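The block underneath contains the structure these notes are about, expressed in structure tokens.
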Ligand code: GTP
């Protein structure tokens, strides 16, 4: 096992699968099976989930909505995803706790760092919903923040693409995928893999990020085992 404790960032869009909106149960099941494998191998896993499949704060503000208000709606969307994911994980036999950054204790536990760590130590998956509870911060930044808070060894960013490319692979078929790159390269070349706040947090706390394709079943387990999947961003290339 390469990593003792990992933070997995799942984008809301990833949960959508082929659907135009919402959550594809088949994707949730596939993630749940992968996560079950990871946890049974002894890795402690926390998950930060996005909300873009339901509501995206930036899109709302682009349409004229007040940015902070739009971000709060986005945060609520992530709570729906967190609870849905918990349901899927528990149906796959993985004990899971949801903690929310915005207190709504009838729905889920509030975020309590030490309690989250205790859950992880007991082999439970902890899903963090509600972003970091503040507007103007992304769920990628939340992933970096929570990873630092729980002393995770790595951030896994599972997305729709299989890594970080030098150009947009959809537009440029000859785009080259990086296997390794540094935080400094990501920041100076403005590579849009995660926002700069998230990258800077991981850089300062020396937490590597592995970016890989969520839709290849088994990729989460492979990444946890330290196999080469996607692209790895760290302080040393
Ligand atoms: P231990 O302390 O290790 O026993 O952890 P536990 O999570 O099994 O026990 P606890 O009694 O804290 O929680 C039991 C269940 O209630 C779990 O599913 C928790 O997620 C849930 N729970 C705990 N606190 C809250 C809360 O404030 N709100 C909601 N909605 N659920 C909670």
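No value in this document is a laboratory result; all are computed from the given coordinates. Remember, predicted model here, so these are calculated numbers, not experimental data. Using ideal geometry, Cβ is built from the backbone for each residue, glycine included, and neighbour counts are taken over all protein chains shown.
Points worth noting:
- In the chain, the calculated helix contribution to ellipticity at 222 nm averages -11500 deg cm²/dmol per residue, counting -39,500 (n - 2.57) for every DSSP H run with n ≥ 4.
- Taking 0.36 nm per residue of separation and subtracting the Cα-Cα distance, full extension of the segment from residue 112 to residue 151 would add 12.6 nm.
- Packing-based exposure ordering (other Cβ within 10 Å, fewest first) of 104, 16, 194: 104, 16, 194
- log₁₀ of I(q)/I(0) at q = 0.08, 0.09, 0.15, 0.17 Å⁻¹ - region 5-234, Debye sum with one point per alpha carbon: -0.26, -0.33, -0.98, -1.29
- For the peptides 139-151, 110-122, the ranking by packing is 139-151, 110-122, with the highest mean count of neighbouring Cβ atoms within 10 Å listed first.
- The simple Förster model, with R0 at 30 Å and r as the Cβ-Cβ distance, assigns residue 66 and residue 90 a FRET efficiency of 0.25.
- Simple spin-label estimate for residue 196 and residue 13 in nanometres, 7 Å along Cα-Cβ: 2.1
- Build a GNM of the chain with springs between Cα atoms under 10 Å apart, and of 99, 86, 29 the one that fluctuates most is 29.
- If both residues of a DSSP beta bridge must be in the chain, then about 15% of such bridges are antiparallel.
- Contour minus Cα-Cα distance for residue 236 and residue 175 (0.36 nm per residue): 19.7 nm
- Model label points for residue 205 and residue 228, set 7 angstrom from Cα along the Cα-to-Cβ axis, are 2.9 nm apart.
- Using C-alpha pairs under 8 Å with a sequence gap of at least 6, the mean separation divided by the residue count of region 5-234 gives a relative contact order of 22 percent.
- By other beta-carbon atoms within 10 Å, ranking 132, 202 with the fewest at the front produces 132, 202.
- For region 1-138, the convex hull drawn through the C-alpha positions has a volume of 105 cubic angstrom per residue.
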